[in-house]
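What follows is a set of notes on a single structure, which appears directly below.
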Amino acid sequence: MGPIGLIGPGLDLSLDAQLRDASTHGPLESATQLTVVHIIADRKIASNLFLQQLLYYRLFFNVAWLGFWMVFIFRQYWQGLKLKDNDIVRTIFFILWFMAEPVRLVAGWYGNLQENVPWLLMFVILSVFPEQGTIIYLFIGTFVTPRDGPPDVLALPCPAPHPPAYTWPR
């Protein structure tokens with residue numbers, strides 16, 4: 001065994017050698033900076049592996065989910081060379097989801113791996129608003145038949161003693 005800090009042939013890991021090497025080759029110039037780097041590098045990581053796996057597989061789920069809904073919408077509403085979809089709310093939800101999903105995934109990854117609570121809070125907020133709103137709206141919308149034409153009866157939704165005043169000709 002050699003002196004303290006000498007491990008293996010020519011590998012000196014003593015604090016003086018690290019400070020000497022850091023002051024000549026890098027930005028570390030004091031023992032305080034070196035200790036901060038060691039504290040950051042040697043800390044115990046408490047990120048959630050299950051959340052990280054969910055975020056990883058969510059990427060593949062998003063591609064499949066978007067592909068499914070694109071095929072569904074094009075099969076239902078494609079006529080000639082135009083897409084005749086009268087549901088503007090669905091389009092708005094898709095645009096919001098498309099913009100928020102990458103930000104949501106990055107916030108989840110960064111917040112989980114760096115143990116950063118504000119980023120995890122942003123991940124949760126983006127999970128609730130555009131994500132769940134889009135899913136709930138599309139889930140409810142699957143039970144409603146598409147509107148192919150005008151409604152059968154035009155009338156105000158109030159109780160009236162007489163039948164509706166006007167019906168569309170067939």
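The values are calculated or read from the model by the stated rules, or taken from the named source; none is laboratory data. Because the structure is predicted, anything quoted here is derived from the model rather than measured. Quick reminder, even Gly has a Cβ in these numbers, built from the backbone with ideal geometry, and neighbours come from all protein chains shown.
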Under 6 Å between Cβ atoms, at least 6 apart or on separate chains: pull out the pairs that start in region 75-96 with a residue that is under 24 Å from Glu131 (Cα atoms) and end on any residue that is assigned to a loop (DSSP other than H, G, I, E, B) and at pLDDT 80 or above. none
Breaking point among (1) at pLDDT 90 or above; (2) surrounded by 12 or more Cβ atoms within 10 Å (Cβ to Cβ); (3) out of contact with any Phe, Trp or Tyr (no Cβ under 6 Å at 6 or more places or on another chain), for Arg90: (1)
Which condition breaks for Gln53 when tested against (1) at pLDDT 90 or above; (2) outside the structural domain of Gly141 (by TED's automatic domain parsing); (3) among the polar types (S, T, N, Q)? (2)
Please indicate, with yes or no, whether at least one residue in region 105-117 is in a loop (DSSP other than H, G, I, E, B), in contact (Cβ under 8 Å) with a residue 60 or more places away in the chain and over 30 Å from Asn48 (Cα atoms). no
Determine, yes or no, whether Pro130 is exposed (fewer than 12 other Cβ atoms within 10 Å of the Cβ), under 22 Å from the mean Cα position of the chain (by Cα) and at pLDDT 80 or above. no
